[in-house]
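A short worksheet on the structure shown next.
The values are calculated or read from the model by the stated rules, or taken from the named source; none is laboratory data. These figures come from a predicted structure and were not determined experimentally. As a convention, Cβ positions derive from the backbone with ideal geometry for all residues, glycine included, and neighbour counts pool all protein chains shown. Heavy atoms of the whole protein, side chains included, go into the accessibility calculation; ligands, DNA and RNA do not. Shrake-Rupley method; radii C 1.70, N 1.55, O 1.52, S 1.80 Å.
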Amino acid sequence: MSRGDRHAAATTVAAAQEVLAREVDRLVSGEDWQRFLRLQSRLHGYSFGNLLLIEAAHRVAFQEGRVAVAEPSMVAGFRTWQSLGRHVIRGQRGYPILAPLVVRSRPDPAVPGEGAAPEKRAGPTGGRVVVGFRVVHVFDVSQTDGAELPAPPVPSLLVGAAPVGLLQRAGRLIEREGFIVGSAPDAAALGGANGVTDWTARRVLVRADMDDAARAKTLLHEAGHVLLHGDGAGRRLPREVKEVEAESVAFVVGSACGLRSDVYSFPYVAAWFPLPAMSPSTTCTAEGGGSAS
């Protein structure tokens, strides 16, 4: 590649990076996204133990036909749903979780602990202490009805053909790193994702039921993971950072090759901005398996 070609390529990449940053910023500052963030701020975060309880109870509800979706999403208490203009559907049963019992402790002027119950010792200034737990019940959004909830824009799969040779070149790039590239019949076979990188098996799988443009973009995303997150500091990065980096690679490289992925990449990157998580991170990297799909 000549110096002029390298300069042109660098200019194209820089322009794509600027577009991505500008459009994601515009998206997350928009009113629709802000309404969604306000909704998220009213929903509690849950401990890992309570997440397991919620998921187990929801699985039973799904198996019994009481809810129509297989996995829980937004979860809140009875009154919180009421405050959001929704009501729990008659006949639905709440999911039991553990809520802390918190009491206010008064300062103890005597010897610390003397004459006070152990759970109420809080030092000379007092404070709030957990003295136990109680069972409370929460409900998934699929158990409620009423006002429509705000939602952020969601990624749309690319349609049509990919630039000539891009799909093959992306696959060869991944294979040069020692990974096998294969396909899965649909998103269900990949846990709801469009593509998955399995670090243990050193294998990348992509949905076969997408158009070539979407498959090429997904392979570029997974190539970003393979190149950036296989070991060292990259492997230890938070999940949201990894997803933003991988999708940025897909957008920038795709743009340089004539594949524009605006309708997918902008909302996908924006969706990984910090939000209260419903589920713990998975052990595999799955494009489309997070909050954006």
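Some observations on this one:
- In sequence order, calculated HN-Hα J values of region 180-193 (Karplus, 6.51, -1.76, 1.60; Hz; x Gly/Pro): 8, 9, x, 9, 10, x, 6, 5, 4, 6, 10, x, x, 8
- Fraction of beta bridges assigned by DSSP in region 171-279 that are antiparallel (%, nearest 5): 45
- Accessible surface of Asp32 - all protein chains present, 1.4 Å probe, nearest 10 Å²: 90
- Accessible-area value, Glu55, 1.4 Å probe, nucleic acids and ligands omitted, Å²: 50
- Ordered from highest to lowest accessible area with the whole protein assembly present and a 1.4 Å probe, Thr11, Thr197, Thr80 read as Thr11, Thr80, Thr197.
- Other residues with beta-carbon under 14 Å from the beta-carbon of Leu52 carry, at +1 per Lys or Arg and -1 per Asp or Glu, a net charge of -1.
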